[in-house]
Amino acid sequence: MVGKRLSKSKQRFIEDIVRLLVPWGVPQTAARIHGYLLLSAEPATLDRIATDLEVSKSGTSVAARLLEKYGLAVRHSERGSKRIRYEVSRNYESMLIEQCRMLENTATLLKRGADTVTSGKARERLGEMTEFYLAIGHAMDAALQSWRTRKHDQ
């Protein structure tokens, strides 16, 4: 459960984000921080995040850097200070772009596997899986292109 300093509705939203992201491999603390940052109007310090979410500062720091690596958070440094602030990234595409790369790499691996087997059944299965991963990757890429066009036209 997240900190008592947050309203019940904010706590619920953050926990909903956790339930959404953890099955995708995002660690629980990172998912909580992401939910917190989504609700934050301004960049937040690691101290503020740690206090509000009742998480250790070191755990907060590690999770925030992971979110930054995923492209879900942006780090801001303050001149003349070691204080770091984080805010949610406005680059909504980064995680999907990574997933597109993963789908393409999976399709390549499956195709290579299909080329190594002589069994018709295994070859057919691997070929079908290759087509599936390529189709999903192309659909995601087309959706991203459509999004970029819509954003550009606004």
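The values are calculated or read from the model by the stated rules, or taken from the named source; none is laboratory data. Predicted, not measured: the structure shown is a model, and the values here were computed from it. For neighbour counting, all protein chains shown are included, and Cβ atoms are generated from backbone atoms with ideal geometry for every residue, glycine included.
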- Task: Scan the stretch 82-130 for residues that are hydroxyl-bearing (Ser, Thr, Tyr) and either under 30 Å from ALA64 (Cα atoms) or touching an Asp or Glu at 6+ places or on another chain (Cβ under 6 Å) (or both) and report the count.
- Result: 5
- Task: Report, by residue number, each residue of the stretch 19-43 that is within 17 Å of LEU6 (Cβ to Cβ) and among the aromatic types (Phe, Trp, Tyr).
- Result: TYR36
- Could you tell me whether LEU103 is in contact with a Leu (Cβ under 8 Å, 6 or more places away or on another chain), surrounded by 13 or more Cβ atoms within 10 Å (Cβ to Cβ), assigned by TED's automatic domain parsing to the domain that holds THR149 and in contact (Cβ under 8 Å) with a residue 12 or more places away in the chain? yes
- Test for THR60: is it within 20 Å of LYS82 (Cβ to Cβ), of a type outside the set (Asp, Glu) and at pLDDT 95 or above: yes
- Message: For the structure I just gave you, tell me whether GLU15 is in a loop (DSSP other than H, G, I, E, B), closer than 30 Å to LEU144 by Cβ and outside the structural domain of TRP147 (by TED's automatic domain parsing).
- Response: no
- Query: Yes or no: GLY35 closer than 21 Å to ARG83 by Cα, in contact (Cβ under 8 Å) with a residue 12 or more places away in the chain and either crowded, with 17+ Cβ neighbours inside 10 Å or within 20 Å of the chain's Cα centre (by Cα) (or both)?
  - Reply: no
